[in-house]
Amino acid sequence: QVQLVESGGGLVQPGGSLRLSCVVSGSIVSINAMGWYRQAPGKQRESVAGITSGGFTRYVESVKGRFTISRDNAKNTVYLQMSSLKFEDTAVYYCNFHPVPFGSWGQGTQVTVSS
């Protein structure tokens, strides 16, 4: 069973940056499209960014130009570099397969943007 372990969240001021990491058990990162999702309080979970096995990336409109998804196949890890963070980026961030998540979700990592 695939396990997803997210980390890197925290409290940051508006305009700040964070880098999230997701370690995926098993050597699947290189052959599967992976993505980052987020769920804000009272809202449904939404897709934020995805990266294919070929390196093609896609982003939800609200994070374009601010977030960058990347992948290190040797480390079975997917990253999300977030910059110019806004209040509305506050959420629990998860990784999973993309664009269709599959299996169990990890515990997520909390990102809080606050002054």
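The values are calculated or read from the model by the stated rules, or taken from the named source; none is laboratory data. Keep in mind the model is a prediction, meaning the values are calculated, not measured. Calculation scope for accessible area: heavy atoms of the full protein, side chains included, ligands and nucleic acids excluded. Shrake-Rupley method; radii C 1.70, N 1.55, O 1.52, S 1.80 Å.
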message: Between 11, 80, 20, where does the largest GNM mean-square fluctuation fall for the chain, given springs only between Cα atoms within less than 10 Å?
response: 11
statement: Computed from every Cα-Cα pair in segment 19-115, P(r) in 5 Å bins starting at 0 and rounded to whole percents is 3, 14, 27, 27, 18, 9, 3, 0
field: Within straight-line cross-link reach of residue 75, aspartates and glutamates at Cα separation under 17 Å, skipping those fewer than 8 residues along the same chain
entry: 6
- request: Using the Kirkwood radius over Cα pairs, work out the Stokes-Einstein diffusion coefficient for segment 1-61 at 37 °C and 0.692 mPa s, in µm²/s as a whole number.
  value: 244 µm²/s
- prompt: Under 19 Å from the Cα of residue 43, which aspartates and glutamates turn up, not counting those fewer than eight places away in the same chain?
  reply: 61, 88, 89
message: Let me cross-check residue 71: its accessible surface, 1.4 Å probe, with only protein heavy atoms counted, in Å² to the nearest 10?
response: 60 Å²
Histogram of C-alpha separations across segment 46-89, 10 Å bin width, %: 26, 54, 19, 1
message: From Cα pairs below 8 angstrom and at least 6 apart in sequence, can you work out the relative contact order of the chain, rounded to a whole percent?
response: 38 percent
- request: Express the carbon and sulfur contribution to the solvent-accessible surface of segment 17-115 as a percent, rounded to the nearest whole number, probe 1.4 angstrom.
  value: 52 percent
